[in-house]
Amino acid sequence: MALQAEDDLPICWICLGQSEPDRPLTHPCRCPSWCHSTCVARWQLQSAGTRREKFCDFCSCELPDWKSILTPTPSPTAPAVMNVNFDSKTYSFQVLPGADGYRQFTEAIRKAFHLPDDSELNITFTCDEPSSAGSLLTLSGPGAYDAAVHCASVSAARRSSSGTGSTTTSPPGSTNGDQPPDQPAAPLQRHLPADSGSTRSATHEAAAGCPAHLQPDSAAAAATHQ
């Protein structure tokens, strides 16, 4: 039987790589093109908060859940922490997923930095991909909040298990466990000058916290976690 020419082998339309034993090519939707499940999952994660996160751009077929593909199994999770930098100050917030979690997070930001209640926060998250530490992805907008929280939680658990970071044990939304978890998230006990190394220091101390930078002219937040 003649061997199939290498040029005739199917390739992933995203990374242009071929099928591998641990990364087989698949059809996640009705489109004829092949792709690695991890490649399309990263595509979905990078599109978090938009229609592309859940549906194919071309055939509109519903795509597999990216979390089940990119999250290591058994799923390691730990309390997610996001760091916010503004006006030469850095605060860390333990956050919860969901609409209430986002509301508590934004309320806590405004309270900590004395911002007006009606100030708009345009947030960009730079996150560690759940399946690969050090592989950073940029997510934008409130719709990406849940994805960012998930990535931060997985990353925090990874650091905790490897002994490279500690994870706070306070209930989400509190500094010392005395505040009910359904209250707006209060700053954890972190307050650092915003010099060139403060963001990275806060990230390591908070075990996968997301440093967020608020710009005074537009109150825009750029959140990053490691």
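Taken over the range 50-107, the residue count meeting the criterion of being under 22 Å from Val40 (Cα atoms) and of a type in the set (Val, Ile, Thr) is 4.
Given the structure, is Ser92 of a type outside the set (Phe, Trp, Tyr), touching a residue at least 40 places away in the same chain (Cβ under 8 Å) and closer than 23 Å to Arg159 by Cα?
yes
The residue that is surrounded by the fewest Cβ atoms within 10 Å (Cβ to Cβ), counting only those in the range 95-138 that are among the acidic types (Asp, Glu) and part of a strand (DSSP E or B), is Glu129. Among the residues of the range 31-41, is there at least one that is closer than 17 Å to Ala144 by Cβ and either free of Cβ contacts under 8 Å to residues at least 12 places away in the same chain or open to solvent by 20 Å² or more (accessible area, probe 1.4 Å) (or both)? No. A search for C-beta distances below 7 Å between a residue of the range 106-118 that is touching a residue at least 12 places away in the same chain (Cβ under 8 Å) and of a type in the set (Asp, Glu) and any residue that is in a loop (DSSP other than H, G, I, E, B) and open to solvent by less than 70 Å² (accessible area, probe 1.4 Å), counting only pairs 6+ apart in sequence or on different chains, returns Glu107/Pro184. In the condition set (1) at pLDDT 90 or above; (2) in a loop (DSSP other than H, G, I, E, B); (3) within 17 Å of the chain's Cα centre (by Cα), Cys59 is compliant with all but (3).
Of the residues that make up the range 57-74, is at least one in contact with a strand residue (DSSP E or B) (Cβ under 8 Å, 6 or more places away or on another chain) and among the aromatic types (Phe, Trp, Tyr)?
Scanning the range 57-74 turns up no residue that is in contact with a strand residue (DSSP E or B) (Cβ under 8 Å, 6 or more places away or on another chain) and among the aromatic types (Phe, Trp, Tyr).
In the set (1) among the polar types (S, T, N, Q); (2) open to solvent by 30 Å² or more (accessible area, probe 1.4 Å); (3) in a helix (DSSP H, G or I), the condition left unmet by Gln44 is number (2). Look at (1) in a loop (DSSP other than H, G, I, E, B); (2) farther than 30 Å from Glu20 by Cβ; (3) open to solvent by less than 30 Å² (accessible area, probe 1.4 Å) and you find that Ser92 fails only one, number (1). The set of residues in the range 134-162 that are within 17 Å of Ala78 (Cβ to Cβ), modelled with pLDDT under 85 and not small (Gly, Ala, Ser) comprises Arg158, Arg159. Residues in the range 31-60 that are in contact with a Cys (Cβ under 6 Å, 6 or more places away or on another chain) and closer than 24 Å to Pro142 by Cα: 2 in all. The number of residues in the range 113-150 being within 11 Å of the chain's Cα centre (by Cα), closer than 19 Å to Asp100 by Cβ and of a type outside the set (Phe, Trp, Tyr) comes to 6.
The values are calculated or read from the model by the stated rules, or taken from the named source; none is laboratory data. Source: prediction; values computed, not measured. Cβ sites come from the backbone with ideal geometry, for glycine too, and all protein chains shown count toward neighbours. Ligands, DNA and RNA are excluded from the accessible area calculation, which covers all protein heavy atoms including side chains. Shrake-Rupley method; radii C 1.70, N 1.55, O 1.52, S 1.80 Å.
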